[in-house]
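The values are calculated or read from the model by the stated rules, or taken from the named source; none is laboratory data. These numbers come from a predicted model, not from an experiment. Using ideal geometry, Cβ is built from the backbone for each residue, glycine included, and neighbour counts are taken over all protein chains shown. Each accessible area value is taken on the protein alone, full model and side chains, heavy atoms only, with ligands, DNA and RNA left out. Shrake-Rupley method; radii C 1.70, N 1.55, O 1.52, S 1.80 Å.
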Amino acid sequence: MAAKFHLGWFTNFTSGPWKGTFDGEGYPWNGRFFIDFAQTLERACFDFILFEDKLAIPHAYGGTSEVYLAQAAGFAPKNDPAPLTALLAGATSRIGLVATLSTLSYHPYTLARLASTIDSLSEGRFGWNIVTSAEDAAAQNMGLTELPPRELRYEVANEFVDLAIALWRSWEPGAVIRDRERGVYVDFTKVKPIDFTGKYYRSRGPLNSIPSPQVVPALIQAGASPKGRDFAAKYADAVVGAANGVAG
């Protein structure tokens, strides 16, 4: 039997091509284009679709945001992919749906709850593409003066993911019993605080969301630096890589 391989599609929640004769109009932003897109990929037996994201409008070219906004060429405007994956979950049945969520913009508890909810809505098809963000503008949008050094970002990210996983696992297997005769939905003895205390985060726990089908959503990572590769090796179920040519 021929060896099997996996297919993923990398894209983002932007306007898409909009200037050409056969392009769309780049509007509206109701996600319907992506519903058709995801359904097409599902029919083609793709394993997942991954939505890249950024937290700021670039201004690298010419020192302004003009070219990015005027051309709408995939950098800006850009909407949040997490709600989009929830929308796509209701329009598909098999394909995995991966949203990029930055450790810069969430507390681990908030992200763990969001990811668990979408995993339940998708019946176990949600994935988190873990990023630490890489732009000073993104950091400034989050109230910082500049982006922390890469080494520090990954140190924080390790603790962030450890806490998120602890929260996802704060409900023991079998906690949800739905016993109508006794009138007990959850066995409270199997849902316990985690009392996580780290260098950067603290959380009592437990998560107040019901365990999702995967419990821990699929974890995806795309770090190319030595620290990023170490991080991916420790946590990721799938790694996004880039290679120059077939040999690479």
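Tyr185 satisfies every condition listed in (1) free of Cβ contacts under 8 Å to residues at least 12 places away in the same chain; (2) farther than 29 Å from Leu121 by Cβ except (2). Checking Ser170, Ser122 one by one, the residue that is out of contact with any Asp or Glu (no Cβ under 9 Å at 6 or more places or on another chain) and either acidic (Asp, Glu) or within 26 Å of Gly8 (Cα to Cα) (or both) is Ser122 and no other.
The requirement of being free of Cβ contacts under 8 Å to residues at least 12 places away in the same chain, surrounded by fewer than 19 Cβ atoms within 10 Å (Cβ to Cβ) and over 21 Å from Ile130 (Cα atoms) is fulfilled nowhere in segment 211-229; no residue meets it. Got a number for residues in segment 114-133 being touching a Phe, Trp or Tyr at 6+ places or on another chain (Cβ under 9 Å) and closer than 19 Å to Ala233 by Cα? So the answer is 4.
Among residues of segment 136-147 being part of a loop (DSSP other than H, G, I, E, B) and open to solvent by 50 Å² or more (accessible area, probe 1.4 Å), the one that is farthest from Gln39 (Cα to Cα) is Thr145. Screening Ala82 against (1) open to solvent by 10 Å² or more (accessible area, probe 1.4 Å); (2) at pLDDT 95 or above; (3) not hydroxyl-bearing (Ser, Thr, Tyr) leaves a single unmet condition, (1).
Put simply, of Ser133, Ser120, Ser116 the only residue that is at pLDDT below 95 and of a type in the set (S, T, N, Q) is Ser133. Just one residue in the set Lys54, Lys78 is part of a loop (DSSP other than H, G, I, E, B) and either without any contact (Cβ under 8 Å) to a residue 24 or more places away in the chain or within 21 Å of Gly223 (Cα to Cα) (or both); that residue is Lys54. The single residue among Leu69, Leu50, Leu88 that is in contact with a Leu (Cβ under 8 Å, 6 or more places away or on another chain) and either surrounded by 19 or more Cβ atoms within 10 Å (Cβ to Cβ) or of a type in the set (A, V, I, L, M, F, W, C) (or both) turns out to be Leu88. In this structure, is Tyr185 open to solvent by 50 Å² or more (accessible area, probe 1.4 Å) and in contact with a Lys or Arg (Cβ under 9 Å, 6 or more places away or on another chain)? The answer is yes for Tyr185. Report yes if some residue within segment 51-62 is farther than 24 Å from Ser102 by Cα and not small (Gly, Ala, Ser); otherwise report no. Scanning segment 51-62, I find no residue that is farther than 24 Å from Ser102 by Cα and not small (Gly, Ala, Ser), so the answer is no. Among the candidates Thr21, Thr11, the residue that is polar (S, T, N, Q) and more than 20 Å from the chain's Cα centre (by Cα) is uniquely Thr21. For segment 107-125, what are the residues that are of a type in the set (D, E, K, R) and part of a loop (DSSP other than H, G, I, E, B)? Matches in segment 107-125: Glu123, Arg125. Please go through segment 88-106 and pick out each residue that is small (Gly, Ala, Ser) and part of a loop (DSSP other than H, G, I, E, B). Residues satisfying the conditions are Gly90, Ala91, Ser93, Ser105.
Residue-level analysis places Tyr106 outside the set of residues that are touching a Pro at 6+ places or on another chain (Cβ under 6 Å) and not basic (Lys, Arg).
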